[in-house]
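Shown next, in structure tokens, is the structure this report addresses.
Only the coordinates and a few stated rules stand behind these numbers; no lab work does. Worth saying up front: this structure is predicted, and the values here are computed from it rather than measured. For neighbour counting, all protein chains shown are included, and Cβ atoms are generated from backbone atoms with ideal geometry for every residue, glycine included.
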Amino acid sequence: MSTRTIRQRVPALEVTEGAGVTVHRSIGTPALRNLDPFLMLDHFGSDNPDEYIAGFPDHPHRGFITFTYMLDGHMQHRDSMGNQGELMPGGVQWMKAASGVIHSEMPRQANGLMRGFQLWINLPASEKMSDPAYQEFSSAAIPEVALSAGKVRVLAGTFNGTRGVIEDPSTDVLYLDVALPANAAFSLPLDESRHAFVYVFEGSAQLAKDALSQHTLAVLDEGDTVDVTAGAEGTRFILVAGRPIGEPVVQYGPFVMNTRAEIEQAMADYQAGKLVQTRAAMSGH
Ligand code: CO
């Protein structure tokens, strides 16, 4: 048994996205271009409508998955598959853009708190040009596991025998939202082969002997166990892990492929109105 320590701390940078939305980016910045299979992590959290009201009007994606976890607020999603989704507090959305999706993510509130995460998960070459797919679940559908002190929401993967709602077979993503009261401990066996990170968004905590602070992504080093202890005010964090793909990553904005030629094809397809290859509606909840 070896507990994982922190390999790298990545403070989230403020970035303007969409039509003028402020997000805090950790994965996908110069300090950490990607963490295979993860391409980007944006944390959004503001009660100032100027920072979110412009939303994300129609935009394309190709070659990967977007995984959105809403903590507070209300966003409406529409996509070229014909899906319309309402992202409400505690809800989760998994969108496999694969060969191509055009979608919008727009706020359905004029004020109040908007808070959550968007994670981009890469796809292996064999799936980059496959059909898009979509999964969406409301907060009530997400299983919660009670700890002796604290609780764990299982969004994807399995925790203590409880399986999350999102199925992510390509890289076996584990996505947990862990809430711990003051000084409580959390421990999780985690396959050595998985790349993993922790992002604290409330309170503070320690990973093994290393301090974890808010809005700083902690990349976990090798080991087979994750041990987190909450600080004096308790803590809430996401713990995410996935199987690395081990292929070249060539990214141009919302297109993530394996080669420069594939990126040029994606841009040409988009300009010619051919990015979206499958328009059939996919399953959603
Ligand atoms: Co998008």
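At most 14 other Cβ atoms within 10 Å and a DSSP loop assignment: could you name the trypsin sites (Lys or Arg not before Pro) in region 171-271 that fit? Hits after loop and neighbour filter: 209.
In summary, the lysines within cross-link reach of residue 96, defined as a Cα separation below 30 angstrom excluding same-chain residues under 8 places away, comprise 128, 151, 274. Helical runs assigned H by DSSP (4 residues or longer) give the chain a calculated mean residue ellipticity at 222 nm of -1500 deg cm²/dmol, each run adding -39500 (n - 2.57) before division by the residue total. Taking all Cα pairs closer than 8 Å and separated by 6 or more residues, the relative contact order of region 11-162 comes to 24 percent.
Taking label points 7 Å from Cα along the Cα-to-Cβ direction, residue 131 and residue 111 give a separation of 4.6 nm. Under a model in which nothing but the beta-carbon of Lys, Arg (+1) and Asp, Glu (-1) is charged, region 96-152 shows a dipole of about 160 debye around its Cα centre. If you run the Gaussian network model on the chain, springs between alpha carbon atoms under 10 Å, then out of 242, 28, 161 the most flexible one is 161. Taking the longest Cα principal axis of the chain as reference, the axis of helix 260-271 is set at about 60 degrees.
Computed over the chain, the alpha-carbon pair-distance distribution with 5 angstrom bins reads 1, 6, 13, 17, 19, 19, 13, 8, 4, 1, 0, 0, each value a whole percent.
Considering only 193, 225, 139, and ranking their Cα positions along the charge dipole of region 99-255 that arises from unit charges at the beta-carbon of Lys, Arg, Asp and Glu, the one farthest toward the positive end is 139.
Take every Cα pair under 8 Å whose residues are at least 6 apart in sequence, average their separation, divide by the length of the chain, and the relative contact order is 22 percent. Dipole magnitude for the chain: about 120 debye, using +1 per Lys or Arg Cβ and -1 per Asp or Glu Cβ, origin at the Cα centre.
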